[in-house]
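*Asks:* Before I ask anything, here is the structure I am working with.
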């Protein structure tokens with residue numbers, strides 16, 4: 001669920017399309033992100049309970065890849081995966097980047113997003129609900145935490161990404 | 001001790017003559033010990049049969065049945081409040097309270113029964129009710145056998161009756177709104193008693209055509225009939241004193257005879273179970289609640305013996 | 001006694017702090033187990049979190065109400081007793097209870113702490129309410145969402161305790177505390193497990209035509225066309241078929257959310273002490289918006305100003321809203 005893209009990816013943004021992008025350079029960055037979040041928000045992971053060991057696929061429908069998350073602190077996984085080669089997973093969440101960003105930072109109501117069908121969840125619904133509820137207990141912005149890891153460039157990338165989804169209800173989330 | 005058989009109140013809106021014929025046959029032919037009379041679901045239906053309750057009670061008593069007057073599950077309007085108060089004030093019939101409004105009007109220690117709508121889920125609440133004069137409690141249909149066992153032990157210790165529904169549709173919900181009227185585009189105040197058209201409840205099927213629930217006015221019931229015939233030996237061993245059969249539009253005398261044969265030891269649980277299956281009723285049987293499983297399920301008899 | 005106390009939901013410690021900061025007078029919440037009626041995954045408080053939450057609230061003159069409003073099944077009563085004992089140790093301001101055994105235990109062991117009668121007890125008449133006041137010393141009743149304002153006024157005249165009513169959120173239809181629909185489909189009970197439509201048994205399936213089916217256990221409780229927004233995945237919000245409605249219909253209620261913002265002055269005038277906002281399972285974002293808007297409205301009414309109703313109407317986020325039974329008996 002830590003779907004914030006760091007600065008190096010932001011450089012690719014103008015050319016993002018259905019064409020495959022090289023995912024390898026992303027992996028160490030994503031891993032740094034999830035470790036950082038785990039360090040700063042241990043309570044988030046406690047709240048996940050048994051779903052720490054659940055494999056989630058987060059499908060960013062307006063990005064050329066999906067994310068694989070396993071929020072198990074002793075061996076955290078957050079990596080980019082190709083949509084046509086998804087790993088084995090128990091739960092999936094699909095939505096555009098801005099919607100998922102809003103969910104991540106509890107700036108919009110998860111119930112409201114789902115019932116408007118901006119978000120499609122599959123597999124173990126309980127795992128997704130647990131993740132949503134756990135994220136909701138994190139005060140402050142996870143997105144900001146992550147963006148700040150990458151300094152001013154990171155913030156810029158974040159704002160750019162948020163702005164990409166024009167029609168999103170969360171577009172003013174960072175004002 | 002051999003448990004008693006009871007016939008619960010008629011939940012559906014049967015017309016007064018149909019009810020009278022039904023109870024006449026029960027009086028003459030059904031091997032039940034106790035009969036609960038009275039409207040539980042909808043106070044609008046009460047005037048149609050209330051004036052015959054005394055006569056029916058007399059008829060059933062003459063046939064050797066114990067008669068209990070059941071009170072309304074939902075009390076909100078003036079006429080409903082009055083009905084609850086009147087029931088507590090009379091001393092002609094033993095009665096069963098189904099709403100806390102009825103408890104309010106009891107004199108200190110006044111004997112009464114507590115019905116399945118009162119939500120007695122545990123031994124503490126049971127003990128509390130007994131201190132206030134309760135002589136007999138019927139548990140909610142969803143209470144699992146493991147909890148009934150604890151309740152039965154407490155009831156035995158306290159010297160009161162404990163009753164479990166063993167046959168008929170399970171009440172799953174009640175509402176202030178009438179869903180029968182709603183299906184026909186009417187409101188509760190203008191229902192024109194459309195519920196009378198469905199003496200065994202109005203079906204609610206899923207959008208895939210699967211039978212799921214039944215509507216009876218403000219009440220929502222299971223489509224399946226609860227059938228705990230295979231569990232009765234376990235109940236008797238626990239100390240459950242009374243087994244409740246809920247009236248459905250089926251041959252209730254035949255149903256009562258099967259349960260009677262079982263409790264009297266004339267047939268075994270498997271044989272009784274087969275006899276009920278052979279009646280080939282319109283709805284499937286379920287016993288999931290008793291086993292702590294989804295209520296709609298029917299758990300195999302062999303598993304039942306493990307409880 | 002001042003009226004217009006805002007009673008707000010909190011599913012997490014962060015939501016509780018959000019509610020307090022947004023102007024809640026009281027916050028209701030529960031432990032992470034079956035002792036409360038919103039026992040949902042990832043929600044609710046550990047004892048340590050609740051203790052901290054109580055301190056946070058008390059430091060800002062807000063109260064914490066502990067929901068112990070499910071029904072302990074025989075053999076498991078100890079869990080509810082422990083929760084009540086913990087509540088005392090953590091200094092909660094009141095308990096919200098439904099089961100008589102639980103009410104009696106608290107009344108006997110903590111006679112000085114307030115008891116509120118949960119909507120799960122379904123006390124809808126002065127007689128029922130007076131029973132709980134007489135036997136357990138209940139100080140406040142949370143009324144079911146089925147009464148009109150004149151009916152609430154009549155009840156108030158006959159009862160010796162405060163009234164709390166729901167003013168916003170999910171619109172409950174079944175008599176609370178008397179619903180086994182979830183248990184029938186899933187084996188988990190709303191009354192005994194604090195669960196309604198447990199997420200792990202809710203399944204969404206999309207077919208090739210883009211229709212979305214919602215299943216609870218083995219039962220399809222609704223199906224939505226490609227352009228339709230999905231409904232709340234509970235049995236009472238689903239669509240079914242029968243001879244009267246062969247094409248499928250909302251047998252119990254349309255998808256709709258309760259919003260009594262326009263009736264706030266009338267409710268206060270009828271003698272309602274406290275206004276309850278539903279939604280312990282909703283997000284911090286929801287809590288913040290809704291609490292702040294109602295805070296302003298209640299303050300406006302108290303100061304004799306007209307509340308800004310448009311802001312409150314916008315809170316349902318495009319969903320249809322209703323005043324339900326509060327406005328007219330025709331709802332029934």
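The values are calculated or read from the model by the stated rules, or taken from the named source; none is laboratory data. From a predicted model like this one, the values you see are computed outputs, not experimental measurements. As a convention, Cβ positions derive from the backbone with ideal geometry for all residues, glycine included, and neighbour counts pool all protein chains shown.
*Asks:* Mind checking whether some residue in region A:50-60 is surrounded by fewer than 21 Cβ atoms within 10 Å (Cβ to Cβ), more than 14 Å from chain C (Cβ to nearest Cβ), on the phi < 0 side of the Ramachandran plot and touching a helix residue (DSSP H, G or I) at 6+ places or on another chain (Cβ under 7 Å)?
*Replies:* no
*Asks:* For residues that are more than 10 Å from chain A (Cβ to nearest Cβ) and assigned to a loop (DSSP other than H, G, I, E, B), scanning just region C:297-320, find the one that is modelled with the lowest pLDDT.
*Replies:* In this case the residue turns out to be C:320.
*Asks:* Out of region A:115-130, which residues are more than 7 Å from chain C (Cβ to nearest Cβ) and either part of a loop (DSSP other than H, G, I, E, B) or under 10 Å from residue A:95 (Cα atoms) (or both)?
*Replies:* Scanning region A:115-130 gives A:118, A:119, A:120.
*Asks:* Criterion first (under 23 Å from residue C:261 (Cα atoms), more than 14 Å from chain B (Cβ to nearest Cβ) and in contact with a helix residue (DSSP H, G or I) (Cβ under 7 Å, 6 or more places away or on another chain)) does residue C:155 satisfy it?
*Replies:* no
*Asks:* From the set of residues in region A:131-151 that are touching a helix residue (DSSP H, G or I) at 6+ places or on another chain (Cβ under 7 Å) and assigned to a loop (DSSP other than H, G, I, E, B), which is farthest from the other protein chains (Cβ to nearest Cβ)?
*Replies:* It comes out as A:150.
*Asks:* Is there any pair with a first residue in region C:186-215 that is free of Cβ contacts under 8 Å to residues at least 12 places away in the same chain and more than 8 Å from every other protein chain (Cβ to nearest Cβ) and a second that is part of a helix (DSSP H, G or I) and buried (at least 20 other Cβ atoms within 10 Å of the Cβ) whose Cβ atoms are under 9 Å apart and which are 6 or more apart or on different chains, and what are they?
*Replies:* Going by the 9 Å Cβ cut-off, there are no qualifying pairs.
*Asks:* Continuing with this model, one more query. How many residues are surrounded by fewer than 20 Cβ atoms within 10 Å (Cβ to Cβ) and closer than 20 Å to residue A:124 by Cβ when one looks only at region A:84-102?
*Replies:* Final tally of qualifying residues: 6.
*Asks:* Okay, next question. Please work out which one of (1) buried (at least 22 other Cβ atoms within 10 Å of the Cβ); (2) at pLDDT 95 or above; (3) closer than 30 Å to residue C:269 by Cβ is the condition residue C:145 fails and give its number.
*Replies:* Status for residue C:145: all satisfied but (2).
*Asks:* Counting only residues that are outside any helix (DSSP H, G or I), out of contact with any strand residue (DSSP E or B) (no Cβ under 7 Å at 6 or more places or on another chain) and touching a residue at least 24 places away in the same chain (Cβ under 8 Å), which one in region C:43-61 is farthest from residue C:7 (Cα to Cα)?
*Replies:* Among those residues, the one meeting the criterion is C:43.
*Asks:* Now a separate question. Among the listed residues C:96, C:27, which satisfies the condition of being part of a strand (DSSP E or B), under 24 Å from residue A:48 (Cβ atoms) and not assigned by TED's automatic domain parsing to the domain that holds residue C:196?
*Replies:* Answer to the check: C:27.
*Asks:* Here is a further query. Which residue, of C:123, C:98, C:74, is without any contact (Cβ under 8 Å) to a residue 40 or more places away in the chain, within 12 Å of chain B (Cβ to nearest Cβ) and in contact with a strand residue (DSSP E or B) (Cβ under 9 Å, 6 or more places away or on another chain)?
*Replies:* Result of the check over C:123, C:98, C:74: C:123.
*Asks:* Looking at (1) over 24 Å from residue A:136 (Cα atoms); (2) crowded, with 24+ Cβ neighbours inside 10 Å; (3) out of contact with any helix residue (DSSP H, G or I) (no Cβ under 8 Å at 6 or more places or on another chain), can you tell me which one residue C:95 breaks?
*Replies:* (3)
*Asks:* Still on this structure: Assess whether residue B:50 counts as being without any contact (Cβ under 8 Å) to a residue 60 or more places away in the chain, closer than 21 Å to residue B:191 by Cα and surrounded by fewer than 23 Cβ atoms within 10 Å (Cβ to Cβ).
*Replies:* Against the criterion (without any contact (Cβ under 8 Å) to a residue 60 or more places away in the chain, closer than 21 Å to residue B:191 by Cα and surrounded by fewer than 23 Cβ atoms within 10 Å (Cβ to Cβ)), residue B:50 qualifies.
*Asks:* Something else now. Could you tell me which of the residues C:271, C:279 is touching a helix residue (DSSP H, G or I) at 6+ places or on another chain (Cβ under 9 Å), at positive phi and either surrounded by fewer than 17 Cβ atoms within 10 Å (Cβ to Cβ) or more than 14 Å from chain A (Cβ to nearest Cβ) (or both)?
*Replies:* Of C:271, C:279, the one residue that is touching a helix residue (DSSP H, G or I) at 6+ places or on another chain (Cβ under 9 Å), at positive phi and either surrounded by fewer than 17 Cβ atoms within 10 Å (Cβ to Cβ) or more than 14 Å from chain A (Cβ to nearest Cβ) (or both) is C:271.
To keep it simple, each residue is scored yes or no on (1) closer than 13 Å to residue C:6 by Cα; (2) within 14 Å of chain B (Cβ to nearest Cβ); (3) in contact (Cβ under 8 Å) with a residue 60 or more places away in the chain.
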| site | (1), (2), (3) |
| --- | --- |
| C:242 | no, yes, no |
| C:256 | no, yes, yes |
| C:265 | no, no, no |
| C:289 | no, no, no |
| C:295 | yes, no, yes |
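*Asks:* Give the number of residues within region B:204-214 that are more than 7 Å from chain C (Cβ to nearest Cβ) and assigned to a strand (DSSP E or B).
*Replies:* 3
*Asks:* Of the conditions (1) at pLDDT 95 or above; (2) assigned to a helix (DSSP H, G or I); (3) surrounded by 20 or more Cβ atoms within 10 Å (Cβ to Cβ), residue B:41 fails just one. Which one is it?
*Replies:* (2)
*Asks:* Name the residue that is farthest from the other protein chains (Cβ to nearest Cβ), counting only residues in region B:176-203 that are within 26 Å of residue C:218 (Cβ to Cβ) and under 21 Å from the mean Cα position of the chain (by Cα).
*Replies:* So the residue we want is B:200.
*Asks:* I need a count of the residues in region B:71-104 that are touching a strand residue (DSSP E or B) at 6+ places or on another chain (Cβ under 6 Å) and away from chain C (no Cβ under 11 Å).
*Replies:* Total satisfying the criteria: 6.
*Asks:* Related question: Going residue by residue through region C:101-117, is there one that turns out to be within 30 Å of residue C:154 (Cβ to Cβ), out of contact with any helix residue (DSSP H, G or I) (no Cβ under 8 Å at 6 or more places or on another chain) and either in the same structural domain as residue C:20 (by TED's automatic domain parsing) or free of Cβ contacts under 8 Å to residues at least 12 places away in the same chain (or both)?
*Replies:* yes
*Asks:* Ok, one more. Collect the residues in region B:88-131 that are modelled with pLDDT of 95 or more, part of a helix (DSSP H, G or I) and more than 27 Å from residue C:76 (Cα to Cα), keeping them in residue-number order.
*Replies:* B:101, B:102, B:104
*Asks:* Kindly indicate whether residue C:64 is over 24 Å from residue B:153 (Cβ atoms), touching a residue at least 12 places away in the same chain (Cβ under 8 Å), within 14 Å of chain B (Cβ to nearest Cβ) and under 22 Å from the mean Cα position of the chain (by Cα).
*Replies:* In short, no.
*Asks:* Considering B:163, B:74, B:142, B:153, which residue is farther than 30 Å from residue C:250 by Cβ and not in a strand (DSSP E or B)?
*Replies:* Only one candidate passes the filter, namely B:153.
*Asks:* Another question, then. Taking the options C:89, C:83, C:74, C:34, name whichever one is closer than 30 Å to residue C:201 by Cα and either more than 23 Å from the chain's Cα centre (by Cα) or not assigned by TED's automatic domain parsing to the domain that holds residue C:141 (or both).
*Replies:* C:74
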